[in-house]
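Visitor: Sharing a structure, written as structure tokens. Questions coming.
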Amino acid sequence: MLLNLDLTPLSQLLLVTYLLINILAFIIMLSDKIKSRKVEAQRISEGKLFFIATAFGALGVYAGMLVFRHKTRKWYFLLGVPLLIVQNASLIYLLSVFITT
């Protein structure tokens, strides 16, 4: 194996939860992109998208922005979501340090 991390069960749970949240965020971005093409569809608010990004889903939201070209004209998404990726990574790091000590 190329990467042997030797994670504790709690760290593994944290990693799997983080991955699932980001997969869900990616799917939500796809869903909103599809809804944006329909005239009277019930859209997902930008506030909810930012909430998902803040709640450890920033990587999925950003990937969805790039892959689906969704919300890429909004400056606050182009600036805010990468900053939330840094925030998410910092909190994950702090949580992992707290878990292992």
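Visitor: Relative contact order, percent, of the chain when contacts are C-alpha pairs under 8 Å separated by at least 6 residues?
Guide: 29
Visitor: Answer rounded, prolate or oblate for segment 29-73, using the Cα gyration tensor with square roots of eigenvalues a ≥ b ≥ c: rounded when a/c is under 1.5, else prolate when a/b is larger than b/c, else oblate.
Guide: oblate
Visitor: Please arrange Ser36, Ser90 by counting, for each residue, the other beta carbons lying within 10 Å of its beta carbon, fewest first.
Guide: Exposure proxy ranking, most exposed first: Ser90, Ser36.
Visitor: Got a sec? How would Val97, Val81 order by Cβ neighbour count within 10 Å, fewest to most?
Guide: Ordered by Cβ neighbours within 10 Å, fewest first: Val97, Val81.
Visitor: Rounded to the nearest 500, what is the chain's calculated 222 nm mean residue ellipticity when only DSSP H runs of at least 4 contribute -39500 (n - 2.57) each, over all residues?
Guide: -24000 deg cm²/dmol
Visitor: While we're on this one: Treat every Asp and Glu Cβ in the chain as -1 and every Lys and Arg Cβ as +1, leave all other atoms uncharged, and give the resulting dipole magnitude about the Cα centre to the nearest 20 debye.
Guide: 640
Visitor: Pop a pseudo-label 7 angstrom from the Cα along the beta-carbon direction at both Lys38 and Phe51 and give the gap in nm to one decimal.
Guide: Placing both labels 7 Å along Cα→Cβ, they lie 2.1 nm apart.
Visitor: Related question: If you wrap the chain's Cα atoms in a convex hull and average its projection over all directions, what's the area in nm²?
Guide: 7.5
Visitor: So what's the angle, to the nearest 10 degrees on a 0 to 90 scale, between helix 58-68 and the longest Cα principal axis of the chain?
Guide: 40
The numbers here are math on the coordinates, done by the rules we state, and not lab data. Bear in mind the structure is a predicted one, so any value in this text is a computation, not a measurement. Note: ideal-geometry Cβ built from the backbone for every residue, glycine included; neighbour counts use all protein chains shown.
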